[in-house]
Structure formats: C-alpha cells, structure tokens
Amino acid sequence: MGEITRRDFVNGTLLAAGTSVLPFAATSQFAMATLDSSYYPPALTGLRGSHPGSNESAHARAWNQRSNWGATTRLRETYDLVVVGGGISGLSAAYFYQQKYGKDKRVLILDNHDDFGGHAKRNEHVINGQLRLSYGGSQTLVEPLHADKVVHNLLKDIGVDLNRFKTAYDTGFYERNNLGAVTYFNKEIFGQDKVVRHPFCNYPNYVEGLLGAKISNEEAAQQAPLSDAGRKQLVRVLNGSVQAIKVPKEKLKNYIETHSYFDYLKNTLGVDDPGVLRMARHSGLDWASSGADLMSIGDAKRSGAMGFVKKAVYDKDNPYIHHFPDGNASIARALVKKMIPDIGTGHSAEALVLSKFNYAELDKSSNAVRVRLNSTAVDIYHGGEPENSSDVVVNYINDNRSYQVKAAGVVMACYNMIIPHIVSDLPEDQAAALRLQSKSPLQYTTVGLRNWRAIKEMEIGMAMSPGNMHQAVLMDFPVSMGGYEYTRTPDDPCVIQMISCPYGETVGAPRLEQFREARFKMLGLKFKDYELEIRAHLHGMLPRALFDFDRDVASITVNRWAHGYTIAGPGDSTRIGRQPFGRITVANTDSAAGSDAIYAMMMAHRAIKELG
C-alpha cells in the first residue's frame, strides 16, 4: 500500500494531469475536446462515487438557496433536448429521444460528476501490471429476461447478448476454490477476531455458485464469540420459525407484514443479547436499504435477514449472472458508444469491455449528442408560460462559473429530490410530492489485492461482517468476457468488494433520521479514515502469515453514494412527483420507486414518450 500513499491524493482523490485548468469559450463552455488522454476517471482511486466537488453546487442551491454564482455566460448553443443526469436513465433518455425523433437531433447531457454512468461507475485497478475491473455502484442486470420489450430492444441495439453470460459467468469458481459464505467477528465489537464458516443469514444467496454454510447452526453458534446466553439465543433464531408466533394461522400472513422483525426476535424468540441483535440488524444490508431494526418480519424474510430458512433468491430462468466485469458501467459505456461512435473501439458491449474511452470525444461540437461532465444544473425554467412555452432555459455551474443553454425540452434524469430546488417554476403540489421521496446512503469499496492466498486459506467467498463499517466483503463476481480474464489462481491479482450500508447509531430510530445521520458521517470521513478501517478489517479477518496490508493491498477505491437506493414516498407521491410539466419530464429510478438499471431504462422511455 506504500505505493499508493506516495501518489498525489487530494482528500483521497487522485488528480489526473491536465485536468486542473480548462479553457472556456462562449461557443462551447466545457472544453472536453481539448483534454489529453490522461483525463480518464475510471482509473482514479481514492474517494469516488459522490466524489469531492460533485455535490457542492447542488448543496449550495438546496441547503442555502444560493442563486448568485456571478455573471452567467449565455452560450450560443441550442438543443432539441437537455438531459439533466448522465446515469443509465439519462443516457437511455438521450438514446430513446434520437430513436424517436432522429439521430440528427441535438442532445446535451449534463452531469455533476467527473464521469458518466451515475451509480454505474467503472473501477479500474492495475495490479502488478494487470488490469482488474470492478464496479462502483450499479451491479447487475436483475432478471433481464422478465424485462419489457423496450429494454430487450435497447440491449440488443447496444450489443448486449444476455445468453453470453451463461458462459462468461464462472459458476464453478467458488466450488473449485472451496469458497463459501462465512462471518467475520471483529475484536472491537465482539471481543476477538474470529471467522466462523457460516453466514448466519441468507444475504449471500444471490451470488451464483457461492457455497453456503459449512457447519451446522449449532456448531456455528458455539463458535461465535458470544456469551453462553447469546449462543443459545442465536440457535433459537437460526432454528426458529414464524410458526412460533401465537396468532391464528389465517392471520399469520398479515401479521408478519405488519409487525416488527425486532419485536419478533425479542418477544417471540426471547433475544436480548446485544451481539445477536447486532448480527440481526446487519444481516439484510442493501436488499432492504435499512437496518433490520426497521423491517417488518416479512421484509426481513425477503431480504435474507437472520433466522429464516434458506431459499433461492432468483428463479432458475433468471439467475444473478448478468454481470459485466465492471457491472452496469458496461451498459452506460455501450449507450455512450452508440451515440458518440468515436469514443472507443468495439461494436458490442462485450467488445467494449477492454476499450479505453477517449473522453475528449464526449463534448465535441460536431456531436449530435454531447456529454458535459462536472456540470451541475441549478436553475431550470420555461422561457414562457409552461403550457405554451417554446423552450426551456437551463442554467448550470462548472468550476464555480454559471452558464446557460436553451432546449426545446428537458428530461430530469437526476436525483429526483433535488428537482424542487432547481426547477424554479415547478407546481407546488408536484414539488411537495418530490420532497417526500428519499434515498439510503450506500458505499461500495473496491480493493485491489496483489494475490488472494489468504482469502483462499480462510475459504472466504463472502464474509458477513456485522461489527465493521463494511458489513459484507466478497470476491468480485467471476466473469470473463471481451478479452478480459477474471483472476485464475490465488497467486494472481484480484479485486474484492466491500459493501457498506450505513445506519444511524440509534437502533430503532426513524428511517430518514438514520439516513441523515449515516450520510453526514459518511461524507465527513477522509480517505485516510476509510483506509484505516479497511486495514483493520482485513488484518483482523485474514491470517498474518499470508496477508500484510502494506505489502498486499495495491489500490483502494471508495465509492460513496450519499443518495443510493430509492425509498418511495408515501401514498401516490411517486406518481405525482414524476408528472410531466410543460416541456419538462422526469426520469431516473427514483420516479419508479425502484433501484435497478432496468427501471432506469423504463423510466427514461416513459419520460421521452411524455415529451409528446
């Protein structure tokens, strides 16, 4: 790890040479076309996701009602469509717009981050001279075979072959290497560092081919570093059943949907051991977007929380294998390639896996579709009365300077809860509905290892880690395609994923209160804080004889998402919030109250259709 610390980090973010000063002109504000090849965000490590600089302008607008960034430069640029948000939904909106109205239609995509893709972020790690790919957010196409024809046609058009994943995903990898689901108990919380070869929950079940528990519930509980009373309680939970709830059989189904999982643990199963309750709270993770302390019994069961019979997560016709080496970043890249052909080489999503994109192509004036990064929309309004206006005015900030463009229509494919703050003529009832929506914080950390001998020794495919910031650690998905080869032997470099679903400190506190607390804490940490946490986690979990952090960790990328998974507002508020308004429509997964790439595409299709 010493090699990393000698690099030029600014708060954990490695600056690419040639990106600190950008020329501007009234004809084209963002001079991406003049950037040299060193501007390549996927290779950056340190703090990524909601990286430093990505949200400051939006927060200034939303929190402090800032409206003055100095003189606004009115660019001599007019578009048929401006899309606010360059994630999969925003990119899909641009694609659907050109598909409907013609490839000559001019589209500008604005994004506040230094890379496109939204949560679908590509993480590149070069370790011992070998490229290892991973993802910083949007992970996998979920049940794509069940998707709408609109999605199937889009995927086909950008070169995604769903059948290819049947051979690209190596389902035998875990069994060949004897890697299973385990639990790591850390010394700080549980009194000793210990790995038990049992996950104590069903969360890991979504990983195709991953081996499950290797010991019985009773033996696993006996090995857990808990008190004698805690071990007995743990066995009761693991062997328990909702049938133990004393309600009439015909009322049980409704009961488990309306009653608290933690009340079930405490009152029905008699659990009061703090270690057992902590294990339970951290057993559902991102399947439920909150701690299990806030779940109903039914939600806990569906999210794989502790104490329910193991069952398959997906049906056999839709296994969780539709995963590119860089996650859904490959979908975002294929969409960009479709609309900006000179960005990279390759005529299918698979062929693009190893293509190094030339970001200088993104914002060329000759493009029909332009992607303008590091640009935060802060004030959007119709040029006249919304019902008969001929255009929409879009003001955005780049490098703390204000710019303005106009378009015949706008799709808001951004974080929906920011829309009331930046669409200044939005009807109040729609703005109120949007304010009721929410998102949970989320963090995906990718760590480049020079080898995984220690992981092999401990038989870790996924380690549930209820005492740590990152509650799950896993070997990245075993996918080889497009000339990219997944790690083969324990002597080869690899990337591990460390998943953190931050919760508030107060167990049982309201969901939104916990989200705010966790979000504030997450964004307040520096890269060195994350590095210390990861160091302690890996050193405690892996044998010192085979693992040394400074020797074996080559790189760390912390993908922090202050606004991660969508949490739908009450009642009909999601539908009200996404209503078309004049020449402005709303996309993004937020408008579907869902959180995967297929929702993103479908909401984009709806938004373009609503533009009329």
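Assuming residue 69 fulfils every condition listed in (1) open to solvent by 10 Å² or more (accessible area, probe 1.4 Å); (2) in contact with a helix residue (DSSP H, G or I) (Cβ under 9 Å, 6 or more places away or on another chain); (3) at pLDDT 95 or above; (4) not charged (D, E, K, R) apart from one, which condition is it?
Against the list (1) open to solvent by 10 Å² or more (accessible area, probe 1.4 Å); (2) in contact with a helix residue (DSSP H, G or I) (Cβ under 9 Å, 6 or more places away or on another chain); (3) at pLDDT 95 or above; (4) not charged (D, E, K, R), residue 69 comes up short only on (3).
Mind checking which helices (runs of 4 or more DSSP H) fall wholly inside segment 75-193 and carry at least 3 residues that are open to solvent by 40 Å² or more (accessible area, probe 1.4 Å)?
88-101, 149-157, 187-190
So, of the residues in segment 414-435 that are out of contact with any Pro (no Cβ under 6 Å at 6 or more places or on another chain) and of a type in the set (Gly, Ala, Ser), which turns out to be farthest from residue 600 (Cα to Cα)?
424
Only residues that are touching a residue at least 60 places away in the same chain (Cβ under 8 Å), open to solvent by less than 30 Å² (accessible area, probe 1.4 Å) and within 19 Å of residue 431 (Cα to Cα): list them for segment 380-394, please.
Within segment 380-394, 380, 382, 386, 392, 394 meet the criteria.
Answer yes or no as to whether residue 85 is of a type outside the set (A, V, I, L, M, F, W, C), closer than 27 Å to residue 604 by Cα and touching a residue at least 40 places away in the same chain (Cβ under 8 Å).
yes
Within segment 205-231, can you find the residues that are open to solvent by 40 Å² or more (accessible area, probe 1.4 Å), under 17 Å from residue 189 (Cα atoms) and either hydroxyl-bearing (Ser, Thr, Tyr) or in a loop (DSSP other than H, G, I, E, B) (or both)?
Result: 227, single match.
Does residue 498 meet the test of being in contact with a helix residue (DSSP H, G or I) (Cβ under 6 Å, 6 or more places away or on another chain), among the aliphatic types (A, V, I, L, M) and within 27 Å of residue 55 (Cα to Cα)?
Criteria not met by residue 498.
This table checks each residue for (1) among the polar types (S, T, N, Q); (2) in a loop (DSSP other than H, G, I, E, B); (3) without any contact (Cβ under 8 Å) to a residue 24 or more places away in the chain.
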{"position": "516", "(1), (2), (3)": "no, no, yes"}
{"position": "559", "(1), (2), (3)": "yes, no, no"}
{"position": "562", "(1), (2), (3)": "no, no, no"}
{"position": "565", "(1), (2), (3)": "no, no, no"}
{"position": "591", "(1), (2), (3)": "yes, no, no"}
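Quick check: anything in segment 496-506 in a loop (DSSP other than H, G, I, E, B), open to solvent by 60 Å² or more (accessible area, probe 1.4 Å) and at pLDDT below 95? Don't jump to the end; show me each part of the working.
So in segment 496-506, the residues in a loop (DSSP other than H, G, I, E, B) come out as 501-506.
Going one step further and asking which of them are open to solvent by 60 Å² or more (accessible area, probe 1.4 Å), we end up with 505-506.
Filter again for at pLDDT below 95, leaving 505-506.
Yes, some residue in segment 496-506 is in a loop (DSSP other than H, G, I, E, B), open to solvent by 60 Å² or more (accessible area, probe 1.4 Å) and at pLDDT below 95.
If I ask for residues that are in a loop (DSSP other than H, G, I, E, B) and open to solvent by less than 20 Å² (accessible area, probe 1.4 Å), which ones from segment 576-589 would you list?
Step one: filter segment 576-589 for residues in a loop (DSSP other than H, G, I, E, B), giving 578-580, 582-583, 587-588.
587, the sole residue that qualifies.
Between a first residue in segment 196-219 that is under 25 Å from residue 141 (Cβ atoms) and a second residue that is polar (S, T, N, Q) and crowded, with 19+ Cβ neighbours inside 10 Å, which pairs have beta carbons less than 8 Å apart while being 6 or more apart in sequence or on different chains?
199/183; 201/283; 203/283; 203/303; 212/205
Scan 550, 529 and give me the residue that is free of Cβ contacts under 8 Å to residues at least 24 places away in the same chain and in a helix (DSSP H, G or I).
Working: 550 fails: free of Cβ contacts under 8 Å to residues at least 24 places away in the same chain.
Every option except 529 fails the conditions.
When the residues of segment 484-494 are narrowed to those that are within 23 Å of the chain's Cα centre (by Cα) and open to solvent by 10 Å² or more (accessible area, probe 1.4 Å), which ends up nearest to residue 451 (Cα to Cα)?
The selected residue is 486.
Which is modelled with pLDDT of 95 or more, in contact with a helix residue (DSSP H, G or I) (Cβ under 9 Å, 6 or more places away or on another chain) and of a type in the set (Val, Ile, Thr), of 276, 247?
Working: 247 fails: modelled with pLDDT of 95 or more.
Answer to the check: 276.
Can residue 457 be described as under 19 Å from residue 179 (Cβ atoms), at pLDDT 95 or above and surrounded by fewer than 19 Cβ atoms within 10 Å (Cβ to Cβ)?
Yes: the conditions hold for residue 457.
Being under 22 Å from the mean Cα position of the chain (by Cα) and at pLDDT below 95 is the requirement here; does residue 124 meet it?
Here the answer is no, as residue 124 does not meet what is asked.
Give segment 250-269 a look and list any residue that's in contact with a helix residue (DSSP H, G or I) (Cβ under 7 Å, 6 or more places away or on another chain), more than 28 Å from residue 596 (Cα to Cα) and open to solvent by 30 Å² or more (accessible area, probe 1.4 Å), or say none.
If the condition is that a residue be in contact with a helix residue (DSSP H, G or I) (Cβ under 7 Å, 6 or more places away or on another chain), more than 28 Å from residue 596 (Cα to Cα) and open to solvent by 30 Å² or more (accessible area, probe 1.4 Å), then 268 is the only one that fits.
Would you say residue 308 is under 29 Å from residue 51 (Cβ atoms), touching a residue at least 12 places away in the same chain (Cβ under 8 Å) and of a type in the set (Phe, Trp, Tyr)?
no
Looking at segment 124-135, which of its residues are over 15 Å from residue 356 (Cβ atoms) and touching a helix residue (DSSP H, G or I) at 6+ places or on another chain (Cβ under 8 Å)?
The one that is over 15 Å from residue 356 (Cβ atoms) and touching a helix residue (DSSP H, G or I) at 6+ places or on another chain (Cβ under 8 Å): 135.
For residue 478, state whether it is over 22 Å from residue 171 (Cβ atoms) and either in contact with a helix residue (DSSP H, G or I) (Cβ under 6 Å, 6 or more places away or on another chain) or open to solvent by 10 Å² or more (accessible area, probe 1.4 Å) (or both).
So residue 478 fails the test.
Condition test on residue 284, is it of a type in the set (Gly, Ala, Ser), at positive phi and either modelled with pLDDT of 95 or more or open to solvent by less than 10 Å² (accessible area, probe 1.4 Å) (or both)?
So residue 284 fails the test.
Spot the failing condition for residue 555; the list is (1) farther than 26 Å from residue 326 by Cβ; (2) surrounded by 16 or more Cβ atoms within 10 Å (Cβ to Cβ), and only one is missed.
Here residue 555 clears every test but (1).
Looking at segment 593-612, which of its residues are under 23 Å from residue 394 (Cα atoms), among the small types (Gly, Ala, Ser) and in a loop (DSSP other than H, G, I, E, B)?
If the condition is that a residue be under 23 Å from residue 394 (Cα atoms), among the small types (Gly, Ala, Ser) and in a loop (DSSP other than H, G, I, E, B), then 612 is the only one that fits.
The values are calculated or read from the model by the stated rules, or taken from the named source; none is laboratory data. From a predicted model like this one, the values you see are computed outputs, not experimental measurements. All Cβ positions, even for glycine, are placed from backbone atoms using ideal geometry, and neighbour counts span all protein chains on display. Protein only, heavy atoms only, side chains kept; ligands, DNA and RNA dropped before computing areas. Shrake-Rupley method; radii C 1.70, N 1.55, O 1.52, S 1.80 Å.
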